[in-house]
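Notes to accompany the following structure.
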Amino acid sequence: MQIHIDTPDLMTRVRLESRWRAAGAEVTGSGEPAAPDLIVIDLGARDVASVSTWRERCPGAAILAFGPHVEGSMLKAAREAGADEVVVRGKVADRVAKKIADDTA
């Protein structure tokens, strides 16, 4: 599975990339991804419009957006903007790791 993570937060990126690479995924975090299976968007650092931007750029990719649990309206708006799945920040690492496991099973 190829995953592209869209976050400017280096600490978040390194933590998530390490976990997902250990689970068997290829992860990119900068530049334009070639053909990602999954795009993970940090709504705490990006606005909701980034969901529709990624949807237009990579229509075949699934989009998972994550953000702070206290921002329920933002999470709902991300779903309405085209995210396939929306999770709170504390659940993103586990949720994507499960997707990787399901993909390799």
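We did not get these values from a lab; they are worked out from the coordinates using the rules stated. Being a predicted model, the structure only gives us computed values, none of them experimental. Every residue, glycine among them, receives a Cβ derived from its backbone with ideal geometry; neighbour counts consider all protein chains shown.
The residues in the stretch 49-105 that are closer than 18 Å to ALA35 by Cα and of a type in the set (Phe, Trp, Tyr) can be counted, and the count is 1.
Of the numbered criteria (1) at negative phi; (2) within 14 Å of the chain's Cα centre (by Cα), the one ARG57 fails is (2).
Restricting the stretch 8-60 to residues that are hydroxyl-bearing (Ser, Thr, Tyr) and under 17 Å from GLU85 (Cα atoms) leaves a set whose member that is surrounded by the most Cβ atoms within 10 Å (Cβ to Cβ) is SER50.
Screening the candidates VAL87, VAL70, VAL92 for the property of being within 23 Å of ARG15 (Cβ to Cβ), in contact with a helix residue (DSSP H, G or I) (Cβ under 9 Å, 6 or more places away or on another chain), free of Cβ contacts under 8 Å to residues at least 40 places away in the same chain and of a type in the set (Val, Ile, Thr) yields one hit, VAL87.
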